[in-house]
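In what follows, a structure is listed as structure tokens, so that the remarks can point back to it.
The values are calculated or read from the model by the stated rules, or taken from the named source; none is laboratory data. Keep in mind that this is a model prediction, so the values were computed, not measured. As a convention, Cβ positions derive from the backbone with ideal geometry for all residues, glycine included, and neighbour counts pool all protein chains shown. Each accessible area value is taken on the protein alone, full model and side chains, heavy atoms only, with ligands, DNA and RNA left out. Shrake-Rupley method; radii C 1.70, N 1.55, O 1.52, S 1.80 Å.
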Amino acid sequence: MPAAMREGGKLVVIGGVAAGLSAASRARRLRPDVDVVVLERGRDVSYAACALPYYIAGVTGPRENLIVYDADFFRRERRIDLRLGAEVVKVSPRSRTVTARHEDGSSEEIGYDALVMATGSRPVVPPLPGSGMPGVFTLRTLPDGDAIKAYIDAGCARSAVIVGGGYIGLEMAEALLARNLDVTLLERLPNVLPTYDPDMSEIVERELHSKNVRLHTGTEVEAFEAGDGSDTVAYVRAGGRRIAADMVVLAVGVRPNSELAADAGLELGAAGAIRVDARQVTSEPSILAAGDCCESQHIVTGRKTWIPLGTTANKQGKIAGENAVGGSARFAGVAGTNVTKVIDLEIAQTGLTVTQAAKEGLKADSVAITASSKAHSYPGASPIRVKMVFEKGTGRLLGAQMMGEEGVSKRIDTVAAALSAGMTVAGLAAVDMSYAPPFSPVWDPVLIAATQAVKKAGL
Ligand SMILES: Cc1cc2nc3c(=O)[nH]c(=O)nc-3n(C[C@H](O)[C@H](O)[C@H](O)COP(=O)(O)OP(=O)(O)OC[C@H]3O[C@@H](n4cnc5c(N)ncnc54)[C@H](O)[C@@H]3O)c2cc1C
């Protein structure tokens, strides 16, 4: 634990998005006397990265709608010394200083009593011929979103290739379809959505095919090529094909920005993310970390994991901010709960899939059911597929995946709550859930799946 923060001490935070500003705001609220400095190398703070695909699609309106609070709000209302264009290039735990490089080329050394690293993550750019050429994009920051949107707004693209079938690739497929582009999605693995079981991913693949996304799974990209006499991407070579592409979006995963921490001698953990304990404290007691740059504990496996999500970044940031100024809050861990929309399909998961449970050495079984989102008699009811994963013998709930046109996103949270409580499928099947025709059938899909799981588990 960091030592209790002295009166008038200084907290420095690196990174000004979800985790960094949650940490700074929490510290400020708890300790009005402490100097809170946030160093952000970019020009945008506290924006909703999760909304970027919808911004590009034109759903969320102008850019400013994505900014939750601007820099002036933090400076004026929260009395946080927020410095933009300030990149931390060195952390020196022994002298408790960071070195920041400013946009004008000047450098500054800043002392701290406690430091929170909230440096986030960055997209992986595969080292393929042409991956740096104009027209090839990644999507991580607001300027990345601006660049893609401007390219489409300028009429530079009629066709697009998305590389990677994870949730960002799929959200981009939806966004680019909404902009009337001809969309091809390439995935190296046999199925899209590698964090889902293949039988569930196939539902998404059918949705993509039916909405005219050209999907090629099991297809490795080899190179990006420019058109004749141009330096801008025009084709993607993949799996022996040459696919026309006025633009490319690379969505092949992210990596934690943990190099600064590693250079400072901090221990790294899962997937190269910064190792932290439940109080978000790193291997160096005066330094905490939060958000995409650090690992978390998985509540089902009990192991350290790296599942970078905005929900986690906000919660960990709050805890890191509290503990940096002398608190002792604990982060409860993650179940990898996530939800997204792929065109007309809501998809969500929490906990482990059958594939992941097997990798963890758990003896897992599953049931998959299809049930109605509302009472059959009520207009607008549509089917929801629920796959529930449990431990053989004990019936311990391990996870669930759900897909359907409506009613998925909040149902997954019921299962997430049950996972947090360490419930069995029998316990979940006995929960007193609500019912009225506009919202669910009398046997909610979650209850039906849990009841089937009870039967299969022989409980
Ligand atoms: C397209 C997209 C959709 C997403 N959708 C969802 C979703 O629906 N649900 C969900 O839960 N999550 C979603 N996420 C993930 C979510 O956005 C991230 O988990 C979240 O932004 C992480 O916040 P963070 O503060 O840890 O890191 P970041 O948002 O990466 O912020 C880190 C900041 O640190 C700054 N920084 C890094 N190094 C330095 C340095 N040396 N000096 C100074 N500053 C530095 C960076 O410039 C950056 O601004 C999505 C992400 C993307 C890209």
Cβ-Cβ below 6 Å, separation at least six or inter-chain, first residue in segment 159-182 and within 13 Å of Ile343 (Cα to Cα) and touching a residue at least 24 places away in the same chain (Cβ under 8 Å), second among the small types (Gly, Ala, Ser) and surrounded by fewer than 24 Cβ atoms within 10 Å (Cβ to Cβ): which pairs? Ala175/Ala57; Ala178/Ala57
Return the residues of segment 111-134 that are open to solvent by 30 Å² or more (accessible area, probe 1.4 Å), over 23 Å from Phe224 (Cβ atoms) and either near the ligand (Cβ under 10 Å from one of its atoms) or in a loop (DSSP other than H, G, I, E, B) (or both); say none if nothing qualifies. Asp113, Thr119
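Quick one: how many residues across segment 135-174 are within 20 Å of the chain's Cα centre (by Cα), among the aliphatic types (A, V, I, L, M) and part of a loop (DSSP other than H, G, I, E, B)? Reasoning before the result, please.
The initial filter retains those residues of segment 135-174 that are within 20 Å of the chain's Cα centre (by Cα), namely 137-146, 148, 162-174.
Next, only the ones that are among the aliphatic types (A, V, I, L, M) stay: 139, 142, 148, 162-163, 168, 170, 172-173.
Checking which are part of a loop (DSSP other than H, G, I, E, B) leaves us with 139.
Matching residues across segment 135-174 total 1.
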Flag for Gln349 being under 17 Å from the mean Cα position of the chain (by Cα), free of Cβ contacts under 8 Å to residues at least 40 places away in the same chain and in a strand (DSSP E or B): no
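So, in segment 84-110, of the ones that are outside any strand (DSSP E or B) and under 21 Å from Val17 (Cβ atoms), which residue ends up modelled with the highest pLDDT?
Going residue by residue through segment 84-110, those that are outside any strand (DSSP E or B) are 85, 93-96, 103-106.
Keeping just the survivors that are under 21 Å from Val17 (Cβ atoms) gives 85, 103.
Details: Gly85: 97, Glu103: 94.
Top of the filtered list is Gly85.
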Selected residue [more than 10 Å from the ligand (Cβ to nearest atom) and open to solvent by 20 Å² or more (accessible area, probe 1.4 Å)] from Ala273, Ala262: Ala262
Could you check, for segment 23-35, whether at least one of its residues is more than 9 Å from the ligand (Cβ to nearest atom), crowded, with 21+ Cβ neighbours inside 10 Å and part of a strand (DSSP E or B)? no
Looking only at segment 86-98, and only at residues there that are open to solvent by less than 30 Å² (accessible area, probe 1.4 Å) and touching a strand residue (DSSP E or B) at 6+ places or on another chain (Cβ under 6 Å), the one that is farthest from Arg275 (Cα to Cα): Ala86
